[in-house]
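Below is one structure, written out as structure tokens; the observations come after it.
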Amino acid sequence: MAEKPALDPVTFEVLKNAFITSVDQMGEQILRTCYSFVIYNRDFSSALHDAEGNSAAQGNQDIAVHVGTLHFTCKDVMRAFEGDMHPGDVYAINDPYAGGTHFSDVRLIRPIFSDGKIIAFSQSNGHWSDVGGSVPGSFDVAARDMFREGLRITPVRLFDKGRFCKDVAHLIASNTRDPVSIIGDIHAQAQATQVCEREILRLVDKYGRDTVTTGLTAVQDYVERAVRQRLAALPDGEWETQDFIDCDPAGGEGLIPIKVKLTIKGDRAIYDFTGSHPTIASIYNSAFGATFSAVAAGMKTFFPDLPLNSGFYRPFEIIAPKDSIVDARWPVAVTGFLMPFEKIMNAIYEMWSKIMPHRAIACAFNLEYLLTGGLDARREEKPIFMFYDWLPGGWGGRNGKDGCNVTTACFGTGLMSQPVEGQERSNPILTTEFEILKDSAGPGKWRGGAGVRKTSLLLEAEKTVISYICDRERALVWGIEGGLPSIPHGLTLTRAGAERPEWLGAIFSDVAMGEGDVFSRPTAGGGGFGDPLERDPKAVLEDVIDDYVSVERAAKDYGVVITPVDPDICAYEIDTAATEVARQKIRSERLGWLGEDPETVAARYRAGEIDTHDVVRRYAVILDWDTGELLPKSTGQFREMFWKRAAAHWAGTAADAGLNAAQ
């Protein structure tokens, strides 16, 4: 067999970028041909794989959650159809237990042939707005197994040598609530894979098959070498931390830990999840593929200049205990995997912030999904509608910079914030409020980014239910290096004619709604970085002028006393003398606040003496935000991490002594 040609630097660089461009062109094709509003708002990703199924290129705007899983599903399809693949074939798969994410993420995979030989694969992954299951949108938080989550698609042929397998496609689509859009999206994704095929074959015509296949290998080797060199340049060591899911719905009160230890040894990194909680009685579990992707995405944040492909994955290893929340096995429910996914990412951010402090970043807000479905009574035929919404929020404060305001989640920064005009045209739901939420940013020397609040009104609709897939109602977005947390997530529902809203919290499904009902929810800001008492008072003043921070919280969180001169024209002044007094008072009292009896804090909250911001930022106490009842186990866990991430950086040994006393 002839030896493959070595690539000169120019050809290598051309091919490296051409591979990425071929994937980006897949994305452009999907945007222009998809039927689903969800996919149109960029809940999709694409990939180019080599002949062994390894990822050779990802797109520039592909979302983090998908990219580390696409090689797994490609290889599963290869195993299923080994020896039975042909030009023009396209296969579908959405199986999270085979390395995917959840059932809503449906992948279409096309083998690319040259002279009768497979040289590559193109893959298009799109989030379908519904794949069946017990609730509209296919997110039932009460599901304990996959049988309430929707349709599981193991590898199946949708195009056979170019012929559309209409019977198979319609079988799949007919098990969803929006079959017309599903069929349209199948064709859009299939055409996207063909766009990539066309570009790769164009490169074959120009450079030759051997040069292109050599390039597919070379780009992975290049990334692997670069990552190994950078790891080898770092000191060997171990770092560990934990983050939490709010609760196990069947397990009582208490945060659910996800523990991770990072070991760097030479040119390798090992992520060990030993000690993480077993799977829970909800959809908030992660199969191994999604956990792998979370590790890749979290680590990649600290290597932003490198392309992403399978070469990036080779230098790290993952140890995930079987049947834990980070390695759920069939048939455990996993549709809400994004909740452990983002906890893993933020835990990795925290550890790498110690290793690369110049890139340090505090915790980002948690992605949330709102799913409302029913019959659209605005139309005579009353079709099924599905209002599937997600919101932007705040990223964590950074070393030397404030966090990004109103940004899509770390789960997938390629996601777009959905335009309300499009939502209102497609659904009988009117957006009445969508604004940056004051005081949502975690205070710090460098504050977190701000979140938002969105309020919506249900119009002419029948048989409507609402589900909310979220977290961080109790395991709040946290700060680091002395920074403070953000605010709790949760949704309120105000029934038509009711005087007061109902607090439904951050995790519920299948709640009935009626015409005229109003629902509202915030997204948290990012956690703060550094002691908020070290923030420049002028920066706090600017935050007040910009309406990111209230005058009250400027004094309580930052110790900066600001006097309104004429708020109508944004005229405020800093009272310098009062600020010095306020900051000294906070310094002398704040360790004592963290030692206050949590039951006393809860009683003061119920009496209206203190608000939610005080409870979580001053006293590090977690309550049932509806009743004000103390959650003692959650509070103990939250306080422990608060001491380590915040208080220990305020006063050194004094804070450590306080931690020992608290424990």
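The values are calculated or read from the model by the stated rules, or taken from the named source; none is laboratory data. Computed from a prediction, not measured in an experiment: that's the story for all the values here. Quick reminder, even Gly has a Cβ in these numbers, built from the backbone with ideal geometry, and neighbours come from all protein chains shown. To get the accessible areas, we keep the full protein, side chains included, count just its heavy atoms, and leave off ligands, DNA and RNA. Shrake-Rupley method; radii C 1.70, N 1.55, O 1.52, S 1.80 Å.
If I ask for residues that are surrounded by fewer than 21 Cβ atoms within 10 Å (Cβ to Cβ) and free of Cβ contacts under 8 Å to residues at least 60 places away in the same chain, which ones from region 123-150 would you list?
132, the sole residue that qualifies.
Which ones in region 151-165 are at positive phi and either open to solvent by less than 30 Å² (accessible area, probe 1.4 Å) or among the charged types (D, E, K, R) (or both)?
161
Inside region 303-351, can you point out the residues that are more than 17 Å from the chain's Cα centre (by Cα), closer than 18 Å to residue 243 by Cβ and in a loop (DSSP other than H, G, I, E, B)?
320, 321, 327, 328
Just checking, does region 534-546 include any residue being at pLDDT 95 or above, surrounded by 24 or more Cβ atoms within 10 Å (Cβ to Cβ) and assigned to a loop (DSSP other than H, G, I, E, B)?
Scanning region 534-546, I find at least one residue that is at pLDDT 95 or above, surrounded by 24 or more Cβ atoms within 10 Å (Cβ to Cβ) and assigned to a loop (DSSP other than H, G, I, E, B), so the answer is yes.
If residue 280 satisfies every condition in (1) assigned to a helix (DSSP H, G or I); (2) under 18 Å from residue 242 (Cα atoms) but one, which is the exception?
Evaluating residue 280 over (1) assigned to a helix (DSSP H, G or I); (2) under 18 Å from residue 242 (Cα atoms) leaves (1) as the failure.
If the requirement is being free of Cβ contacts under 8 Å to residues at least 24 places away in the same chain, over 22 Å from residue 66 (Cα atoms) and either out of contact with any helix residue (DSSP H, G or I) (no Cβ under 7 Å at 6 or more places or on another chain) or crowded, with 16+ Cβ neighbours inside 10 Å (or both), which of these qualifies: 265, 261?
Result of the check over 265, 261: 261.
Grab the strands (runs of 3 or more DSSP E) fully contained in region 2-120, keeping just those with 1 or more residues being basic (Lys, Arg) and touching a residue at least 60 places away in the same chain (Cβ under 8 Å).
By residue number, 105-114.
Yes or no, residue by residue, for (1) of a type in the set (S, T, N, Q); (2) at pLDDT 95 or above; (3) under 25 Å from residue 409 (Cα atoms):
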{"residue": "216", "(1), (2), (3)": "no, yes, no"}
{"residue": "279", "(1), (2), (3)": "yes, yes, yes"}
{"residue": "290", "(1), (2), (3)": "no, yes, yes"}
{"residue": "305", "(1), (2), (3)": "no, no, yes"}
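Is it the case that residue 435 is open to solvent by 60 Å² or more (accessible area, probe 1.4 Å), farther than 30 Å from residue 182 by Cα and without any contact (Cβ under 8 Å) to a residue 24 or more places away in the chain?
Here the answer is yes, as residue 435 does meet what is asked.
State all residues of region 547-569 that are more than 32 Å from the chain's Cα centre (by Cα), open to solvent by 10 Å² or more (accessible area, probe 1.4 Å) and within 23 Å of residue 646 (Cβ to Cβ); if no residue qualifies, say none.
555, 561, listed by residue number.
Of everything in region 639-660, what is at pLDDT 95 or above and either aliphatic (A, V, I, L, M) or not in a helix (DSSP H, G or I) (or both)? Give them in sequence order.
Scanning region 639-660 gives 641, 646, 647, 648.
Can you tell me which residue is nearest to residue 507 (Cα to Cα) among those in region 201-253 that are touching a Ser or Thr at 6+ places or on another chain (Cβ under 6 Å) and in a helix (DSSP H, G or I)?
Among residues in region 201-253 that are touching a Ser or Thr at 6+ places or on another chain (Cβ under 6 Å) and in a helix (DSSP H, G or I), the one nearest to residue 507 (Cα to Cα) is 220.
Is it the case that region 420-431 has a residue that's in a helix (DSSP H, G or I) and aliphatic (A, V, I, L, M)?
yes
Would you say residue 472 is open to solvent by 50 Å² or more (accessible area, probe 1.4 Å), assigned to a loop (DSSP other than H, G, I, E, B) and not polar (S, T, N, Q)?
no
Please work out which residue is farthest from residue 465 (Cα to Cα), limiting yourself to region 136-154 and to residues that are in contact with a Lys or Arg (Cβ under 8 Å, 6 or more places away or on another chain) and in a loop (DSSP other than H, G, I, E, B).
142
Filter region 283-302 for residues that are in a loop (DSSP other than H, G, I, E, B), touching a helix residue (DSSP H, G or I) at 6+ places or on another chain (Cβ under 6 Å) and buried (at least 19 other Cβ atoms within 10 Å of the Cβ) and give the result.
284, 286, 287
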